[in-house]
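Chemist: The structure follows.
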Amino acid sequence: MIDAFLLLFAPTNLLFLFIGTSLGIVVGAIPGLTATMLIALTLPLTFNMEPVSAVTLLIGEYVGGISGGLIMAILLRMPGTPASIVTTFDGYPMAQSGRAERALALGIMASVVGGIISWGFLAGMSPALARFALKFGPWEYFTLVLMALVMLAVLSQGSIVKGLLGAALGMAFALPGIDNSIGQARLTFGSDAMLSGFGLLPVLIGAFAISQILRDSATPQNIGKMELPKRHLPIYRRDIAYAPGLLRGSVIGTWIGLLPGIGGNIAALVSYSTEKQISREPEKFGTGHEPGVIAAESANNAAIGGALIPLITMGIPGSVTEAILIGALTIHNLQPGPLLFQNAPEIAYGIIAAYLVANVLMLMLMWGLVRYIAQIVRLPRSGLMAGILVFCVTGSYAVNSSFTDVWVMIGFGVIGLGLEYCRVPLGPFVIGFVLSPIAEEQLRASLMMSDGDFTEILYRPYALVFLALAALTVAWPAIARRIGARGALRKDIP
Amino acid sequence: MDDRTRATLADLALAGLTFSGAAVLLVGAASLPPPRFEPLGSAALPRILGSILFLFAAIIAITAIRRASNGKPAPTAKATVPKADPKRGALVLAALIIYAFMLDVLRVPFLVATPLFVTATGLSIGARSWRNLAAFAVLGLILAGGISVVLERFLYVRIG
């Protein structure tokens, strides 16, 4: 770990971390632009970079992107990122009552503390969890991927069937190309361009960036009245009283971040609800109550650290952003998972170290520049979107110097827009696309080892646990409804 | 057209497209050779996914038809974005397709195509005025120049 910190403090790596965090904060502050979009767009630029520099840039963007969302959530009630939605509940009323500086100060501090506490979990748990995951064989990996996909699909907002459909469609789009197991073309229908399948980056940029810009360009955005911070950001000695709330929010955020499919927005909501329930003044929540801002911001930032744990220890992405990070590692010939700690410890520990330093950089940047960052929202949206579209085209082209990738990107942009119109969540779609080759490879390896015998899984306790959890996740809404109905029936019986 | 009808039609279209996708998978899988070196073979996953997609498409279609016949409201119909202007989105998409076509097929230089694209997209989304036209053209020129330098100097990639 010390070596990782030393490597991180090399001028180039530190510069990339600084650039990444700054870019992330700026993009996170602009409503409609997300850390996911930024990471997808800058991924092509990392091709020629050293892997450690690439990872530090992307981790900086991730941390900055989530944290930057709090600025507009507090000043304009327009969350820069979905993870900051809950921050608007108390942050905006505080700003409206002339306490914008105080809300920003508490939000930034809570974000940093949440990040540092979840870093503690990340640094403490990851090596041990990776050692444990080394015991996993193909059956365990296959069921783990299946569980992650099912959880992500079921826990996405909206219909369960549409969540699962999104995952299945994503998996289906990953099928065309050369089947690596036997070296034969599959579902290419005679097209040479299809032999390499659909590239990860054009699919990601298309499904997320293009579809979002097409959607946003159709929707007018009215910027309301903004209370800009005028004085320095105040933090007092008495704020130590918020320490238990900060700790609760950070722990909740970390553990929720660990679960696939539950992002920072849900972590913030659960933390906020918990704080409200245990508060002696629950009626003050939603009216500009300081613990509300702390609960939301500590949890949404801590969720990043939590989500990085399964990513580096098992190669399982909890959200689209982590799926792109997996893509970034794969581009540099690195396979995220338990062997990362053995094969490329500088990367595994580098991610952990970069996460901590990115949080510290975020504190310094946001504390000093929040007043200026807040002005970004006044930039003309039309020019911003046109510029991003140019980056999308050049980013997709740069992967293979091929316009086929640009057409694939546009195609997936339209598919993404169509899926969103039909209320099919894009998260399971993209993660299904990323995880499909891993799931197939592991299933085929499992069956080769067991001579085609599916009952072998019965002798694999971890695999059975993962399968049971996947089944429980699918069945849980129906079980919960039935329990609720019985409870209501009992109440009705005199 | 009310939200319920729109949601029902969207679901039916989704089910139709999913049926077609499932059929493509199953037809493609049928032309793949049987497994030789390992038990599963390369046709197994397309077959499994094709069947799953058929099932989901059927569920979505049946749910949509039942909802339409029962007169129940669409479950998340209220999530529709208010005051959206689909024409703007269509214009941006058209500009994007023309931009890619110019670069790929017509071989228009990147430094020419990009300012044209940025101007067209900017004016499709934002206010249409001579001042904006000039501003977007300059922005496009700066972007094209900057990106060309980054691509050629650092990534050794030439575009357009």
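Chemist: Residue under question is residue B:48, and the condition is that it be modelled with pLDDT of 95 or more and part of a helix (DSSP H, G or I); does it hold? Let's see the steps before the verdict.
Modeler: Numbers: modelled with pLDDT of 95 or more: no; part of a helix (DSSP H, G or I): yes.
So residue B:48 fails the test.
Chemist: Another question, if that's okay. For the range B:125-160, enumerate the residues that are at pLDDT 85 or above, in contact with a Leu (Cβ under 8 Å, 6 or more places away or on another chain), under 18 Å from residue B:113 (Cβ atoms) and of a type outside the set (A, V, I, L, M).
Modeler: B:136, B:140, B:145, B:148
Chemist: Checking the conditions here, which among A:293, A:270 is closer than 28 Å to residue A:353 by Cα and at pLDDT below 85? Before you say what the answer is, go through the steps one by one.
Modeler: Numbers: A:293 fails: at pLDDT below 85.
The match here is A:270.
Chemist: If we keep just the residues of the range A:13-25 that are of a type outside the set (Phe, Trp, Tyr) and surrounded by 22 or more Cβ atoms within 10 Å (Cβ to Cβ), which is farthest from residue A:1 (Cα to Cα)? It would help to see each step written out before you state the result.
Modeler: Just the residues of the range A:13-25 that are of a type outside the set (Phe, Trp, Tyr), to begin with: A:13-15, A:17, A:19-25.
Then drop every residue that is not surrounded by 22 or more Cβ atoms within 10 Å (Cβ to Cβ), which leaves A:13, A:17, A:20-21, A:24-25.
Working: A:13: 16, A:17: 17, A:20: 21, A:21: 21, A:24: 25, A:25: 27 Å.
Here the answer is A:25.
Chemist: How many residues are surrounded by fewer than 17 Cβ atoms within 10 Å (Cβ to Cβ), of a type in the set (A, V, I, L, M, F, W, C) and touching a residue at least 24 places away in the same chain (Cβ under 8 Å) if we restrict to the range A:161-195?
Modeler: So the answer is 1.
Chemist: I would also like to ask the following. Considering only the range A:399-406, I want to know if a residue exists there that is within 12 Å of chain B (Cβ to nearest Cβ), over 29 Å from residue B:36 (Cβ atoms), touching a helix residue (DSSP H, G or I) at 6+ places or on another chain (Cβ under 8 Å) and surrounded by fewer than 24 Cβ atoms within 10 Å (Cβ to Cβ).
Modeler: So in the range A:399-406, the residues within 12 Å of chain B (Cβ to nearest Cβ) come out as A:399-406.
Remaining after also requiring over 29 Å from residue B:36 (Cβ atoms): A:399-406.
Restricting the remaining residues to those that are touching a helix residue (DSSP H, G or I) at 6+ places or on another chain (Cβ under 8 Å) gives A:399, A:403, A:405-406.
Okay, now just the ones that are also surrounded by fewer than 24 Cβ atoms within 10 Å (Cβ to Cβ), so A:399, A:403.
Yes - at least one qualifying residue is present in the range A:399-406.
Chemist: Of the numbered conditions (1) facing chain A (nearest Cβ under 8 Å); (2) at pLDDT below 85, residue B:56 fails exactly one; give the number of that condition.
Modeler: (2)
Chemist: Still on this structure, please answer the following. Restricted to the range B:14-39, and to residues that are more than 7 Å from chain A (Cβ to nearest Cβ) and over 19 Å from residue A:171 (Cα atoms), which residue is modelled with the lowest pLDDT?
Modeler: Looking at the filtered set, the residue picked out is B:36.
This table checks each residue for (1) touching a Cys at 6+ places or on another chain (Cβ under 7 Å); (2) among the aromatic types (Phe, Trp, Tyr); (3) at pLDDT below 85.
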| position | (1), (2), (3) |
| --- | --- |
| A:380 | no, no, yes |
| A:390 | no, no, no |
| A:393 | no, no, no |
| A:416 | no, no, no |
| A:421 | no, yes, no |
| A:432 | no, no, no |
| A:440 | no, no, no |
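Chemist: Of all residues being assigned to a loop (DSSP other than H, G, I, E, B) and at pLDDT 90 or above in the range A:163-202, which is farthest from the other protein chains (Cβ to nearest Cβ)? Just the residue, please.
Modeler: Restricting attention to the range A:163-202, the residues satisfying the condition of being assigned to a loop (DSSP other than H, G, I, E, B) are A:174-176, A:180-183, A:187-199.
From what is left, the residues that are at pLDDT 90 or above are A:174-176, A:198.
Working: A:174: 9, A:175: 6, A:176: 8, A:198: 14 Å.
Among those that are assigned to a loop (DSSP other than H, G, I, E, B) and at pLDDT 90 or above, it is A:198.
Chemist: Just one of the numbered conditions (1) modelled with pLDDT of 85 or more; (2) within 24 Å of residue A:41 (Cβ to Cβ) is not true of residue A:205; which one?
Modeler: Unmet for residue A:205, out of (1) modelled with pLDDT of 85 or more; (2) within 24 Å of residue A:41 (Cβ to Cβ): (1).
Chemist: Using beta carbons and a limit of 6 Å, which pairs, at least six apart or on different chains, have the first residue in the range B:57-71 and farther than 18 Å from residue A:158 by Cα and the second one in a helix (DSSP H, G or I)?
Modeler: Going by the 6 Å Cβ cut-off, the qualifying pairs are B:68/B:8.
Chemist: Which one of the conditions (1) under 25 Å from residue A:344 (Cβ atoms); (2) surrounded by fewer than 24 Cβ atoms within 10 Å (Cβ to Cβ) does residue A:65 fail to meet, given that it meets all the rest?
Modeler: That leaves (2) as the condition not met.
Chemist: Let me ask something additional. Is one or more of the residues making up the range A:462-481 without any contact (Cβ under 8 Å) to a residue 60 or more places away in the chain and within 14 Å of chain B (Cβ to nearest Cβ)?
Modeler: No, that holds for no residue.
Chemist: Return a yes/no flag: does the range A:72-80 have any residue that is charged (D, E, K, R) and within 14 Å of chain B (Cβ to nearest Cβ). Walk me through it before giving the result.
Modeler: The initial filter retains those residues of the range A:72-80 that are charged (D, E, K, R), namely A:77.
Pick out the ones that are also within 14 Å of chain B (Cβ to nearest Cβ) and you get none.
No: the range A:72-80 contains no residue that is charged (D, E, K, R) and within 14 Å of chain B (Cβ to nearest Cβ).
The values are calculated or read from the model by the stated rules, or taken from the named source; none is laboratory data. These numbers were taken from a predicted model, which means no experiment stands behind them. FYI the Cβ positions are ideal-geometry reconstructions off the backbone, even for glycines, and counts take in every protein chain you see.
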